[in-house]
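Trainee: Questions regarding the structure given below will be posed in turn.
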Amino acid sequence: MKIDGIYHQRTLRAQGVARAELLRRTAHGEHRTVRPWYVTDAAPTDLLALLELGLRPTCLDAASLHGVWTPPHTGVHVFRPRMLRLPPELEDVRELPLRRGRMNGTGKRPLQRLVLHGPELRSWPDDDPVPDLGLVLEHAARCLPTVKAAELMESSLQRRLIGRGQLEQLLLRLPKDIRRPLSRVRGDAESGTETAVRWWFESRGIGVKTQVRFPYDARRVDLLVGRNWIIECDSREFHDDPLSYAEDRARDLYLESIGYRVTRLTWEQVFLHWPDTRRKLQTILSRGDHRHELRRSARSG
């Protein structure tokens with residue numbers, strides 16, 4: 001994946017940029033060298049911090065750069081080829097500013113520890129500063145809990161960043177114990193929140209339908225659990241749209257009026273307070289309300 005402000009020396013040579021011109025640009029401060037890169041002021045500073053160590057982002061952090069939805073996490077996931085060895089004085093360097101982090105009280109971004117991924121290649125596969133999405137997702141599958149890797153894969157499919165055939169080829173490269181559960185990955189999940197909740201229900205053998213349409217309603221609901229339990233999953237960390245709020249509640253009232261139970265889960269409930277949310281969902285499941293038959297009017301629409 002190419003990044004504005006970062007250019008590999010081989011790429012510039014292939015474009016016909018002469019060495020003398022590169023030296024002129026360096027002398028005039030138009031770029032600087034971070035071997036084998038030439039970088040300008042447009043380059044992301046956090047990515048440069050990795051490249052200066054001979055590392056590239058992967059897993060969650062590279063997926064975010066590709067435009068994949070990613071869950072909250074700590075640590076900066078990085079990759080180095082097998083032949084690269086960090087200098088001894090850098091082996092203990094495990095903290096870097098994190099782009100996705102919020103400013104703290106001092107006006108600085110919080111520091112995050114590096115998560116070094118085991119090498120899979122003897123050298124970089126290309127001249128881009130961010131690895132190909134296929135390699136990024138493969139690293140994620142080997143690194144993350146299954147549901148977290150599934151969130152990245154489902155987001156990649158839904159956003160058309162990777163095709164189903166490409167994903168199947170990726171899965172074939174994984175060990176069977178990793179590949180088997182990830183075969184459930186779908187391409188219609190519209191948020192990572194939805195993926196996380198659906199996988200939790202499915203792991204308990206509960207039937208879940210996704211993106212279900214109802215009569216007289218142009219929009220789809222996220223999840224239909226059992227016969228009559230609708231779950232809507234907010235995909236945003238912050239919710240400040242009064243119009244959407246009103247529309248959602250009017251829709252909930254309609255669905256309740258035709259016999260469905262409606263539960264809305266926020267981003268915070270799923271990713272910041274999941275143990276408590278999970279216990280409450282399990283309590284509702286234990287009552288068995290989702291197995292009740294709907295009234296005839298609800299079934300017929």
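The values are calculated or read from the model by the stated rules, or taken from the named source; none is laboratory data. Please read all numbers here as calculations on a predicted model, not as lab measurements. Note that each Cβ is placed from the backbone with ideal geometry, even for glycine, and that neighbours are counted across all protein chains shown.
Trainee: Looking at (1) surrounded by 14 or more Cβ atoms within 10 Å (Cβ to Cβ); (2) in a helix (DSSP H, G or I), which is the one condition that is false for residue 165?
Mentor: Looking at each condition in turn, residue 165 falls short on (1).
Trainee: Enumerate the pairs (first residue in the stretch 29-43 and assigned to a strand (DSSP E or B); second residue anywhere and basic (Lys, Arg)) with beta-carbon separation below 7 Å, excluding pairs fewer than 6 apart on the same chain, so at least 6 apart or on different chains.
Mentor: 39/32
Trainee: Something else now. Inside the stretch 1-28, can you point out the residues that are in contact (Cβ under 8 Å) with a residue 40 or more places away in the chain and either more than 29 Å from residue 118 (Cβ to Cβ) or in a helix (DSSP H, G or I) (or both)? Spell out how you get there, then give the answer.
Mentor: Looking only at the stretch 1-28, we keep the residues that are in contact (Cβ under 8 Å) with a residue 40 or more places away in the chain, and these are 1-3, 6, 8, 10-11.
Listed by number, the residues that qualify are 10, 11.
Let's see how each residue does on (1) in a loop (DSSP other than H, G, I, E, B); (2) touching a helix residue (DSSP H, G or I) at 6+ places or on another chain (Cβ under 6 Å); (3) modelled with pLDDT of 95 or more:
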residue: 99; (1), (2), (3): yes, yes, no
residue: 104; (1), (2), (3): yes, no, no
residue: 107; (1), (2), (3): yes, no, no
residue: 124; (1), (2), (3): yes, no, no
residue: 142; (1), (2), (3): no, no, no
residue: 170; (1), (2), (3): no, yes, no
residue: 181; (1), (2), (3): no, yes, no
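Trainee: Taking the criterion of being farther than 26 Å from residue 50 by Cβ and either within 18 Å of the chain's Cα centre (by Cα) or touching a residue at least 40 places away in the same chain (Cβ under 8 Å) (or both), would at least one residue in the stretch 138-146 satisfy it?
Mentor: From the stretch 138-146, those farther than 26 Å from residue 50 by Cβ are 146; that's our starting set.
Next cut, either within 18 Å of the chain's Cα centre (by Cα) or touching a residue at least 40 places away in the same chain (Cβ under 8 Å) (or both) only: 146.
Looking for residues that are farther than 26 Å from residue 50 by Cβ and either within 18 Å of the chain's Cα centre (by Cα) or touching a residue at least 40 places away in the same chain (Cβ under 8 Å) (or both), one finds at least one in the stretch 138-146, hence yes.
Trainee: Residues being over 27 Å from residue 68 (Cα atoms) and either at pLDDT 75 or above or in contact with a His (Cβ under 8 Å, 6 or more places away or on another chain) (or both): count how many of those fall in the stretch 208-256.
Mentor: Of the residues in that region, 15 qualify.
Trainee: Also, I was wondering about something else. Just give me the residues in the stretch 202-215 being in contact with a Gly (Cβ under 9 Å, 6 or more places away or on another chain) and touching a residue at least 60 places away in the same chain (Cβ under 8 Å), in sequence order. Don't jump to the end; show me each part of the working.
Mentor: Initially, the stretch 202-215 is screened for residues in contact with a Gly (Cβ under 9 Å, 6 or more places away or on another chain), giving 206-208, 214-215.
Passing the criteria: 206, 214, 215.
Trainee: Okay, moving on. For the stretch 257-265, indicate whether the set of residues that are in contact (Cβ under 8 Å) with a residue 24 or more places away in the chain and in a helix (DSSP H, G or I) is non-empty.
Mentor: Pass one, the stretch 257-265, residues in contact (Cβ under 8 Å) with a residue 24 or more places away in the chain: 258-265.
Filter once more, keeping what is in a helix (DSSP H, G or I): none.
The answer is no; no qualifying residue exists.
Trainee: So which of 213, 160 ends up being on the phi > 0 side of the Ramachandran plot and either part of a helix (DSSP H, G or I) or not hydrophobic (A, V, I, L, M, F, W, C) (or both)? Give the steps one after another, and end with the answer.
Mentor: Values: 213 fails: on the phi > 0 side of the Ramachandran plot.
From the options 213, 160, the qualifying one is 160.
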